[in-house]
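Accompanying notes for the structure given below.
The values are calculated or read from the model by the stated rules, or taken from the named source; none is laboratory data. All of these numbers come straight from a predicted model, not from anything done at the bench. Virtual Cβ from ideal backbone geometry, glycine too; neighbours counted across all protein chains shown. Keep in mind that these areas ignore ligands, DNA and RNA; they rest on the heavy atoms of the full protein, side chains included. Shrake-Rupley method; radii C 1.70, N 1.55, O 1.52, S 1.80 Å.
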Amino acid sequence: MARSARSTGPEQERALVVAVDLQRPNRALDAELAEYEALIEATGAVVADRIVQRLAAVDPATLVGSGKAREIAERAAEIGATKVFVFNDLRPRQRTNLEKIIPLPIVDRTMVILDIFAQRARSREGQLQVELAQLRHRQANLIGVGAALSRLGGGVGTRGPGETKLETDRRRIQDRVSVLRGALEEVRRSRAVRRAPRGEAPLVALVGYTNVGKSSLLNRLARSVPSARAFVADQPFATLDPTLRRVYVAPGRTLRMADTVGFITELPKELVTAFRATLEELEGADLLVHVLDASNPDWPRQAQSVAAILTELHLDGKPMITVFNKSDLATKGPSQPDGAIAVSAATGAGLDALRAAIARRLDLATEASPT
């Protein structure tokens, strides 16, 4: 199943997207593929075509089968593709065999996300985390592959501070991983020292899927002046480094509000591990505000993904408020759960109700705490 090519400028990478549809129940493949293509375009590439292969199980040698792999190679040549982006998880052996048939770099979903993170990391901590995640992913792909990964350069998944020659042996990579772990541990200790003692301003953390408007909501709630606003863009993972602002929720009542990195379905384990230090801000939070995009009909799947990641981080027991942002753009879709608060960071609608709800939940949390 293929899609017609989009027009593009001559200097952009042209992507051919390949996916295996295992036809699993309750799997919104079209929505996930559209999301994957948005990630690809966020790296600076353009999606020229999409090929979906329906199988009962992936081919252990090539993912798609050797015949389909040759068909992909022919289609890539027809549309002038410069990279093949694979939606499914690739094993090293599958990548090697595909590259024998398809004479183009093979890029997987984790590499795409790593490339976006490398572009967006601004702080020293963020750069360390990206490098660590890149090295861990590369280390996993070096097993049994050898020099076959030498074609993986050229941007996606290798850009930024983590760029290293792919022929580096595992021992040298492990040495660098150890150095990065030590540096991030020092960052964690420094953050623990800087963290305000409990009993002062409570900490509320915004969590949610990428591109749901958390940074816009933080700017509105904090009434930030332009020079102090969190970066906002209509693209996935627009902000990577955590942002902390003071927010007034009631007369004489202030709190600290943190905007954290956005989540995504099946967030690569390398990123969950590497960004654990940043996500420790969530562990110290008195309240989580789960932000959803009311204008996105796919929000139930996104909500499930965020819940799964919070469970993995052992944060599912935290007090939480559910907020539907972009309510001004919402059309009829899935029913929102009882108790959810509809707001719009763009218009300011619902923000007073959100402030009041946060103040009430913090009061309840205080009353429930041991004295």
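Yes or no: ALA183 modelled with pLDDT under 75 and over 27 Å from ALA76 (Cβ atoms)? Criteria not met by ALA183.
If only residues of segment 339-371 that are at pLDDT 85 or above and of a type in the set (Val, Ile, Thr) are counted, the one that is nearest to LEU288 (Cα to Cα) is ILE358. Taking the criterion of being aliphatic (A, V, I, L, M), open to solvent by less than 30 Å² (accessible area, probe 1.4 Å) and within 15 Å of the chain's Cα centre (by Cα), the residues of segment 27-53 that qualify are LEU33, LEU39, ILE40, ALA42.
Residue check: GLN304 meets all listed conditions (1) assigned to a helix (DSSP H, G or I); (2) modelled with pLDDT under 85 but one, namely (2).
Being farther than 26 Å from THR265 by Cα, at pLDDT 90 or above, of a type in the set (D, E, K, R) and not in a strand (DSSP E or B) narrows it down to one residue among GLU78, GLU37; which is it? One residue alone meets the criteria, GLU78. Reported count of residues in segment 83-94, each being basic (Lys, Arg) and over 17 Å from ARG136 (Cα atoms), is 2. Applying a threshold of 6 Å to beta carbon distances and a minimum spacing of six or more residues, or different chains, the list of pairs starting in segment 85-105 at a residue that is among the aliphatic types (A, V, I, L, M) and ending at one that is open to solvent by 30 Å² or more (accessible area, probe 1.4 Å) reads ILE101/ARG70. Note on segment 43-70: residues that are assigned to a strand (DSSP E or B) and under 15 Å from ILE101 (Cα atoms) total 2.
Residues that are modelled with pLDDT of 90 or more and either among the aliphatic types (A, V, I, L, M) or open to solvent by 30 Å² or more (accessible area, probe 1.4 Å) (or both) within segment 318-338 comprise LYS318, PRO319, MET320, ILE321, THR322, VAL323, LYS326, SER327, ASP328, LEU329, listed in sequence order. Of the candidates THR62, THR82, the single residue that is open to solvent by less than 20 Å² (accessible area, probe 1.4 Å) and touching a residue at least 24 places away in the same chain (Cβ under 8 Å) is THR62. For ARG24, the conditions (1) part of a loop (DSSP other than H, G, I, E, B); (2) touching a residue at least 60 places away in the same chain (Cβ under 8 Å); (3) under 25 Å from GLN304 (Cα atoms) are fulfilled apart from (2).
Of note, ALA294 does not satisfy the criterion of being open to solvent by less than 50 Å² (accessible area, probe 1.4 Å), touching an Asp or Glu at 6+ places or on another chain (Cβ under 9 Å) and modelled with pLDDT under 90.
For beta carbons closer than 8 Å, sequence separation of 6+ or different chains, a first residue in segment 323-343 that is in a strand (DSSP E or B) and a second that is open to solvent by 60 Å² or more (accessible area, probe 1.4 Å), the qualifying pairs are PHE324/GLN336; ALA342/GLN336.
Pairing each residue of segment 191-218 that is open to solvent by less than 10 Å² (accessible area, probe 1.4 Å) and among the aromatic types (Phe, Trp, Tyr) with any residue that is assigned to a loop (DSSP other than H, G, I, E, B) and at pLDDT below 90, provided the two are 6+ apart or on different chains, yields C-beta distances under 8 Å for TYR209/GLY262; TYR209/ILE264.
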